[in-house]
Amino acid sequence: MAFQSESLALVPLPGAVRVGRQYTLATLRGWGYRDERFESDVELVVSELLTNSIQALEGTYEPHHTTTLLSKQSLIRITLIKTDETLHVEVWDPAPRMPRIRDRVSADSITGRGLEIVDALAESVGWRAPYDGLPPEGKVVFAILALPDKPPCESGPQGDRFTRVP
């Protein structure tokens, strides 16, 4: 089984979610994927996993202390692994708190649905202990998504995006 992998360390601030989405989209396009629905699903998964990681670290660092934010123990890491049939999205953070899908979320709550959304979009979700050169503390939260049926394009986007007018 052939695979490709890309990884990026991020400072755990809210802006990291946007950077993570942009990085993911650029990586997918670099691998030749241009399926808008797939890209949208993966971006949503990345947003939710990174947001949960950042929230898990809230209160464990002082945001105004740059040296604390940039220390290896404070960074989070997103890793994208493409196999022949799946895309693995993994987010590592040093927080010991394990993720869980909430049983009941009130209708007026603005949080608490992220992992439920990820679970609906992915073939598999879960968490594991870190390995592969990551620090031993913390956890890796992952989602595995099926790749689009069409093979990646070799030379950029195919077809027209606009309707031709005679």
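Tabulated data
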| item | result |
| --- | --- |
| Criterion violated by Arg21 - all others in (1) within 16 Å of Val91 (Cα to Cα); (2) without any contact (Cβ under 8 Å) to a residue 24 or more places away in the chain; (3) among the basic types (Lys, Arg) satisfied | (2) |
| Those residues of the stretch 3-26 which are among the β-branched types (Val, Ile, Thr) and either more than 12 Å from the chain's Cα centre (by Cα) or modelled with pLDDT under 95 (or both), in sequence order | Val11 |
| Within the stretch 4-51, considering residues that are part of a strand (DSSP E or B) and among the polar types (S, T, N, Q), the one farthest from Val118 (Cα to Cα) | Gln4 |
| Subset of the stretch 130-147 that is part of a loop (DSSP other than H, G, I, E, B) and surrounded by 17 or more Cβ atoms within 10 Å (Cβ to Cβ) - its residue that is modelled with the lowest pLDDT | Leu134 |
| Meets criteria (more than 16 Å from the chain's Cα centre (by Cα) and modelled with pLDDT under 85) for Arg104 | yes |
| Residue in the stretch 60-76 that is at pLDDT 95 or above and over 21 Å from Pro135 (Cα atoms) present | no |
| Residues of the stretch 27-46 that turn out to be over 15 Å from the mean Cα position of the chain (by Cα) and surrounded by 16 or more Cβ atoms within 10 Å (Cβ to Cβ), as a count | 3 |
| Count of the stretch 1-21 residues which are surrounded by fewer than 12 Cβ atoms within 10 Å (Cβ to Cβ) and in contact with a helix residue (DSSP H, G or I) (Cβ under 8 Å, 6 or more places away or on another chain) | 1 |
| Residues satisfying the stated conditions in the stretch 112-129, i.e. assigned to a helix (DSSP H, G or I) and either modelled with pLDDT of 85 or more or surrounded by fewer than 13 Cβ atoms within 10 Å (Cβ to Cβ) (or both) | Val118, Asp119, Ala120, Leu121 |
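The values are calculated or read from the model by the stated rules, or taken from the named source; none is laboratory data. Computed from a prediction, not measured in an experiment: that's the story for all the values here. We place every Cβ from the backbone using ideal geometry, glycine too, and count neighbours over all the protein chains shown.
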